[in-house]
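Contents: one structure, followed by commentary.
The values are calculated or read from the model by the stated rules, or taken from the named source; none is laboratory data. These numbers come from a predicted model, not from an experiment. Because the Cβ atoms are built from the backbone with ideal geometry, glycine has one as well, and the counts that use them run over all protein chains shown.
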Amino acid sequence: MDDAFAAAQMNMTPHYQTVSQLMQDVDTLEVGDPNELSYDVVGELWREIQGDSNDCLSEESPHFESCFIQQARTRLKAADIIVSNHTLFFTDFYLKQKGMYGLFPEYEAVIFDEGHRIKDVFSKCFQKVGYVKEIENLFDRCLNKRSQWAKAVFEDVEADYPELPLKQAPS
Ligand code: SF4
């Protein structure tokens, strides 16, 4: 979001108006869901600003306290019973299998409704699908140093191999 706002301030994004509006409205949202907004946020922009476990800084994030994802995790931790859809359940399962933070706290028992759908949802969660647009977005983010991770990698490579003719894209 910070990167999107910085780009918006420099009028470098076609979504300038929406990002500016979002920055004004973000404190009024309860859970950070696009359904809480009275206007549309195009998918391309939402993918840019939404939380992402791949580049989440967790406690090191300057927005950790106000982060909707972290707040949701805290609420889930305090819950005795969590009602989830299959997709979220298996996303949590998948993340934990990969050694990442899951969405849900540890649980003792699970009751499945609509059990006949489990096979399909499970397959979808574990299949690997690559969308050209997502790969392009990832590439753009690296080039534009839009994630802390990409920035850190770039700086490390630059420091370790000063002889390489690296060029940083304008950020
Ligand atoms: S805690 Fe992670 S997901 Fe939340 S704002 Fe920070 S980097 Fe984004």
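Values for this structure:
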{"item": "Scope region 39-54; condition closer than 21 Å to Phe104 by Cβ and surrounded by 11 or more Cβ atoms within 10 Å (Cβ to Cβ); matching residues", "result": "Gln50, Gly51, Asp52, Ser53"}
{"item": "Selected residue [within 14 Å of the ligand (Cβ to nearest atom) and closer than 30 Å to Gln127 by Cβ] from Gln71, Gln50, Gln97", "result": "Gln50"}
{"item": "Some residue of region 52-74 being charged (D, E, K, R), without any contact (Cβ under 8 Å) to a residue 12 or more places away in the chain, in a loop (DSSP other than H, G, I, E, B) and assigned by the TED database to the domain that holds His15", "result": "yes"}
{"item": "Top-ranked residue of region 148-165 - restricted to ones that are among the aliphatic types (A, V, I, L, M) and loosely packed, with under 11 Cβ neighbours inside 10 Å, ranked as modelled with the lowest pLDDT", "result": "Leu164"}
{"item": "Top-ranked residue in region 12-38 [being of a type in the set (Gly, Ala, Ser) and assigned to a loop (DSSP other than H, G, I, E, B); ranked as surrounded by the most Cβ atoms within 10 Å (Cβ to Cβ)]", "result": "Gly32"}
{"item": "Residues (within 14 Å of the ligand (Cβ to nearest atom) and more than 18 Å from Gly32 (Cα to Cα)) located in region 74-94", "result": "none"}
